[in-house]
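Peer 1: Below you'll find the structure I mean.
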Amino acid sequence: MNLAIDKTRVNEPRDYSPADDDDPCEPSSIVLPVPADCAGLRLDQALARLFPEHSRSRLQAWLKDGRVRVDGASPEAKRKVWGGECLEVEAAPTPEASAELPEDIPLDVVFEDDTLLVIDKPAGLVVHPGSGNWTGTLLNALLHHAPALAGVPRAGIVHRLDKETSGLLVVAKTLEAQTDLVRQLQARTVRRHYHALVHGLVDRAGTVSAPIGRHPQHRTRMAVVSGGRPAVTRYAVCERLARCTLVECRLETGRTHQIRVHMAHLGHPLVGDPVYGMRRCGDAVLDAFPRQALHAFRLGLLHPSTGAAMEWTVPMAADLAALLQALGSTSW
């Protein structure tokens, strides 16, 4: 099935900047005498006063790991200091410091040349390092696969898929290609098709035009809100099953969680979506699916170097195909 929508865009950040040339994981040691105004404090209290830029939990971890020494010995946190002791602190690298290091993580490469890299991302892989996911990301995998990407901002990443969304994602291998792809995204010439399995029976094709912004109460979620940014999703029915419908979605805009938010707004949240959907619907097969049932199966764009129109299609993700078969689908 081909849902005919000509243009789309993705809401991408514009704050690209070169990576820091310093080695972010080089530990540093600090040696200083304990000042007199710390006399009588517990060691952990003195550390908190001397190193306010670090959290108490981080300082406690350094103490536990033996990274703090007083007069050459590794003391307990409750030891008191009296001033004049030789304090040595070996600062461990923060999780953020290792965020852009290469890691040998397998990639399913759909296409690659000197300009582009197209990946079929599995569910569960975070695209870019962030809070709680500083390693094991697609960015780390890209830096191992193509070390030259260390010279391209964000390792060439120009758009993202949610951690639990599978499917096609394009990466620029040069700064010029990255600039061109960002412009294509802004100009809505990048075409991305998704399959989504949603709860309930969708009776016809349609369009959702509803602004999306931060949820007024739950700031980690997005929602349809009057003051949000314009967002348009077109959808068509692929197959109706007993309690759910497989739809094809195309984005005219690319807001965070757009398909998930818009389909929930219609009353048809994605199967397996714990944020915008139902934790339990009473169907054992649907309830057992461990992620939002969303897969980016087709990607089209203009090649940044040649200008040629290119398109890639990948099969349905294996776990989603297995779910559809368990639900009685004969198409996958």
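Peer 1: Run the reach check for LYS64 against lysines, Cα to Cα strictly under 25 Å, same-chain hits fewer than 8 apart removed. What comes back?
Peer 2: LYS78, LYS80
Peer 1: Hey, in the GNM for the chain with a 10 angstrom Cα cutoff, which one of VAL89, VAL198, VAL170 fluctuates hardest?
Peer 2: VAL89
Peer 1: Moving on. Ranking ASP104, ASP65, ASP180, ASP319 by Cβ neighbours within 10 Å, fewest first, what do you get?
Peer 2: Going from least to most buried by this count: ASP104, ASP65, ASP319, ASP180.
Peer 1: Taking the dipole about the Cα centre of the chain, with the C-beta of Lys and Arg at +1 and of Asp and Glu at -1, give me whichever of HIS303, VAL314, THR207 is farthest to the positive side.
Peer 2: THR207
Peer 1: Okay, moving on. Springs between alpha-carbon atoms under 10 Å, Gaussian network over the chain: tell me which of ALA155, ALA39, ALA308 tops the mean-square fluctuations.
Peer 2: Top of the fluctuation ranking is ALA39.
Peer 1: What is the distance, in nm, between label points placed 7 Å from the Cα along the Cα-to-Cβ direction at THR135 and at THR306?
Peer 2: About 4.0 nm separates the two model spin labels.
Peer 1: Using just the helices of the chain, give the 222 nm mean residue ellipticity in deg cm²/dmol: DSSP H runs with n ≥ 4 each add -39,500 (n - 2.57), and the total is spread over all residues, rounded to 500.
Peer 2: Calculated from helices alone, the mean residue ellipticity at 222 nm is -5000 deg cm²/dmol.
Peer 1: Could you check the simple spin-label distance between TRP82 and ALA205, using points 7 Å along Cα→Cβ, in nm with one decimal?
Peer 2: 8.4
Peer 1: Around ALA148, under 12 Å between beta carbons, what's the net of Lys plus Arg minus Asp minus Glu among the other residues?
Peer 2: 0
Peer 1: Could you give the nm distance between label points at ARG280 and ALA39, where each point is 7 Å from its Cα heading toward the beta carbon?
Peer 2: It is 6.4 nm.
Peer 1: Follow-up. Select one label from (1) 31, 26, 16; (2) 46, 25, 18; (3) 36, 23, 17: the one whose number is semi-axes √(5λ) of the Cα gyration tensor in Å as derived from the coordinates shown.
Peer 2: Matching the structure shown: (2).
Peer 1: Continuing with the same structure: Express in nm, to one decimal, how much length is gained between PHE51 and ALA288 on full extension, taking 0.36 nm for each residue of separation and deducting their alpha carbon distance.
Peer 2: So the chain would gain 80.6 nm between PHE51 and ALA288.
Peer 1: Also, I was wondering about something else. Under 16 Å Cα to Cα from LYS121, which lysines show up? Leave out anything in the same chain fewer than 8 places away.
Peer 2: Candidates past the 8-residue exclusion: LYS163.
Peer 1: Order the peptides 107-120, 288-301, 138-151 from the highest to the lowest mean number of other Cβ atoms within 10 Å of their residues.
Peer 2: The densest-packed peptide leads the list: 288-301, 138-151, 107-120.
Taken together, the values in this text are just the output of simple stated rules run on the coordinates, not laboratory data. Predicted model only: the values in this text are computed from it and were never measured. Here Cβ is always computed from backbone atoms with ideal geometry, including for glycine, and neighbour counts include all displayed protein chains.
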